[in-house]
């Protein structure tokens, strides 16, 4: 499970992992409101999202051409997560002592909110710790009573 923006991280990890073990399932994740890679995979060509907005602002770049070709070849599944799911996951990570950007929380959000059917062990890559402390209040407001604290 890897967050996706311009596709470099996803394409590079997918390519490397598949060389070592082609059986590993690679899943890309991006916000529902900024789902250009998801839409591009559906259409077969790069499809920018306009307007491109999300609380996961680090994932707002449209997928690049070379990365898109590698993603098509080496990524097995692609899912999206909602803004509330991203916010909820980011807040819960902070409460557990992990300072993670909203962009970096999308992979875990996909796991927690059952966006795919796992087979065996799952690795959800958490990236980025560059989040302004004031952002947590906005995230709390977004989630409200979205979900009870039963997942974490």
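The values are calculated or read from the model by the stated rules, or taken from the named source; none is laboratory data. This structure is a prediction, so every number in the text was calculated from the model and none was measured. Every residue, glycine as well, gets a Cβ built from its backbone with ideal geometry; the counts of neighbours run over all protein chains shown.
Only residues that are in a helix (DSSP H, G or I) and either free of Cβ contacts under 8 Å to residues at least 24 places away in the same chain or touching a strand residue (DSSP E or B) at 6+ places or on another chain (Cβ under 8 Å) (or both) were counted in the stretch 124-137, giving 1.
Would you check if residue 105 is in a loop (DSSP other than H, G, I, E, B), modelled with pLDDT of 90 or more, buried (at least 18 other Cβ atoms within 10 Å of the Cβ) and under 11 Å from the mean Cα position of the chain (by Cα)? Answer is no for this residue.
Would you say residue 91 is more than 20 Å from residue 116 (Cβ to Cβ), in contact (Cβ under 8 Å) with a residue 40 or more places away in the chain, touching a helix residue (DSSP H, G or I) at 6+ places or on another chain (Cβ under 9 Å) and assigned to a helix (DSSP H, G or I)? The answer is yes for residue 91.
Determine whether residue 61 is surrounded by 13 or more Cβ atoms within 10 Å (Cβ to Cβ), closer than 30 Å to residue 22 by Cα and without any contact (Cβ under 8 Å) to a residue 24 or more places away in the chain. Here the answer is no, as residue 61 does not meet what is asked.
When the stretch 1-43 is filtered for residues that are part of a loop (DSSP other than H, G, I, E, B) and either out of contact with any helix residue (DSSP H, G or I) (no Cβ under 6 Å at 6 or more places or on another chain) or surrounded by 17 or more Cβ atoms within 10 Å (Cβ to Cβ) (or both), the ones remaining, listed by number, are 1, 4, 5, 6, 7, 21, 22, 23, 25, 26, 35. Of all residues in the stretch 112-123, one or more are under 17 Å from residue 11 (Cα atoms) and in contact (Cβ under 8 Å) with a residue 40 or more places away in the chain. Do we have any residue at all in the stretch 72-80 that's under 23 Å from residue 142 (Cα atoms), in a strand (DSSP E or B) and at pLDDT 95 or above? Yes, because at least one residue in the stretch 72-80 is under 23 Å from residue 142 (Cα atoms), in a strand (DSSP E or B) and at pLDDT 95 or above.
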